[in-house]
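Notes to accompany the following structure.
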Amino acid sequence: MGRGKHTMQDALNSLPEPTPQCPVARVLGPRGQNLHEIVVARSVVADDINKLLNPENKPWFTTLAQLPPKYRSVVWVKRGGYVMVDLTEQLTDKIGGDIALVLMPRQIKNLKQIGQWPEEYEAIWNALVGTPSSSNRPGSAAADGAARSADSPSSDTETDSDSSSSSSSSDDGDSDAK
């Protein structure tokens, strides 16, 4: 098997446990060049790392995390997803660490079952983004309902105008032929 297959199997099948040096973080969004902005709760980070990355001593802090080359064409990091971040090596003054693992739903479920899941991420997400995370996902009922209501009036009027214009064009064609 190639390197990509082993990396994919490790990413999908591992059942990681977070540590203070490698905590669970939530992705705020991509920032380009394989960098992702993440939010980390203060309660899940080691004190020495917290002092370095969170000088204001807020309940959470944001930083950039780099996606390592071995994951770049294997896993995708989505906005609102969860990752485990290695914060032991601060790469630059802006990049706080490397993404060690992109958490899949099965891995999140396992972390919740063993009691290692940080519950404060929903409150942090709502404070930063301003909306519950379920309402802004594509395919959610709220997003689909808004899209359908916006599309329905315009689609009816276009159909009526198309049928009237096609009948008038056929009349013009008959008069030119005579």
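Quick notes on this one:
- Qualifying positions in segment 48-74 - small (Gly, Ala, Ser) and either free of Cβ contacts under 8 Å to residues at least 24 places away in the same chain or open to solvent by 50 Å² or more (accessible area, probe 1.4 Å) (or both): Ser73
- Number of residues in segment 75-103 that are open to solvent by less than 70 Å² (accessible area, probe 1.4 Å) and out of contact with any strand residue (DSSP E or B) (no Cβ under 9 Å at 6 or more places or on another chain) equals 0.
- Residue within segment 18-41 that is at pLDDT below 80, more than 18 Å from Asp93 (Cα to Cα) and β-branched (Val, Ile, Thr) present: no
- Test: residue in segment 38-46 that is at positive phi, open to solvent by less than 30 Å² (accessible area, probe 1.4 Å) and within 14 Å of the chain's Cα centre (by Cα): no
- Reported count of residues in segment 104-126, each being of a type in the set (A, V, I, L, M), more than 14 Å from Glu17 (Cβ to Cβ) and either surrounded by fewer than 17 Cβ atoms within 10 Å (Cβ to Cβ) or over 17 Å from the mean Cα position of the chain (by Cα) (or both), is 2.
- When the test is whether a residue is more than 21 Å from Asn126 (Cα to Cα), at pLDDT below 90 and crowded, with 18+ Cβ neighbours inside 10 Å, Asn13 does not pass it.
The values are calculated or read from the model by the stated rules, or taken from the named source; none is laboratory data. Source: prediction; values computed, not measured. A quick note on method: Cβ atoms are made from the backbone with ideal geometry, for glycine too, and the neighbour counts reach across all protein chains shown. For accessibility, only protein heavy atoms count, side chains too; no ligands or nucleic acids. Shrake-Rupley method; radii C 1.70, N 1.55, O 1.52, S 1.80 Å.
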